[in-house]
Amino acid sequence: MKDKFFLLIGVLVISGSFYQVLRLPAPERFQKEFALKTGEKVIAVEVADTEEERAKGLSGRDALAEGRGMLFIFPESGYHGFWMKEMKFAIDIVWIDESWRVIGIEGLVGPETFPLIFYPPGPVKYALEVNAGESQRLGIKPGDVMLEFRQ
């Protein structure tokens, strides 16, 4: 009888724990944001690190706020292609290798270029999309190292 009582208490505690975990709010979008730093310039980035997020990217949005970007994180380095399907504004694509070194920039890529696909000059693990001209304004150039920067 005593064993059944403790078994029942154990099941209730475990069930209550699961219930509490399920009641927690889903992770918010802002929790997948951080900043990249190049030189003295900081760019707030939204992370696209799932297949679905990378496929959607910035398409369908009307604009991207100044000083912000979207960082695409791939599972492994490669020649990942980008196109401007359903984009409404022009961007710069900053190609970044696995050591966070900028290996190239595709500047002023507009929606009218669709269905053209843009590829990096070498294997990349990351790609950063910012507003057209932003990479030049920030002074980003091949050879620069992007650093993760948390405020």
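Within the stretch 104-148, restricting attention to residues that are farther than 24 Å from SER59 by Cβ and aliphatic (A, V, I, L, M), the residue that is farthest from the chain's Cα centre (by Cα) is VAL145.
For the stretch 47-76, name all the residues that are assigned to a loop (DSSP other than H, G, I, E, B), among the aliphatic types (A, V, I, L, M) and in contact with a strand residue (DSSP E or B) (Cβ under 6 Å, 6 or more places away or on another chain). First the steps, then the outcome.
In the first step, residues of the stretch 47-76 are kept if they are assigned to a loop (DSSP other than H, G, I, E, B); the result is 49-50, 57-67.
Pick out the ones that are also among the aliphatic types (A, V, I, L, M) and you get 58, 63-65.
LEU58, LEU64 - these are the residues of the stretch 47-76 that are assigned to a loop (DSSP other than H, G, I, E, B), among the aliphatic types (A, V, I, L, M) and in contact with a strand residue (DSSP E or B) (Cβ under 6 Å, 6 or more places away or on another chain).
Each residue in the stretch 57-92 was checked for being more than 24 Å from LYS37 (Cβ to Cβ) and crowded, with 20+ Cβ neighbours inside 10 Å, and 2 pass. Residues that are part of a loop (DSSP other than H, G, I, E, B), of a type in the set (D, E, K, R) and exposed (fewer than 15 other Cβ atoms within 10 Å of the Cβ) within the stretch 93-118 comprise just one, GLU98. Just one of the listed residues (ILE43, ILE105) is closer than 29 Å to LEU147 by Cβ, hydrophobic (A, V, I, L, M, F, W, C) and at pLDDT 95 or above, namely ILE105. Is there a residue in the stretch 137-146 that is part of a strand (DSSP E or B) and either in contact (Cβ under 8 Å) with a residue 60 or more places away in the chain or more than 21 Å from GLU33 (Cβ to Cβ) (or both)? Yes: one or more hits. Name every residue in the stretch 119-136 that is surrounded by fewer than 16 Cβ atoms within 10 Å (Cβ to Cβ) and outside any loop (DSSP other than H, G, I, E, B), in order of residue number. Of everything in the stretch 119-136, just one residue is surrounded by fewer than 16 Cβ atoms within 10 Å (Cβ to Cβ) and outside any loop (DSSP other than H, G, I, E, B), namely GLN136.
The values are calculated or read from the model by the stated rules, or taken from the named source; none is laboratory data. Everything quoted here is computed from the prediction, not taken from an experiment. Virtual Cβ from ideal backbone geometry, glycine too; neighbours counted across all protein chains shown.
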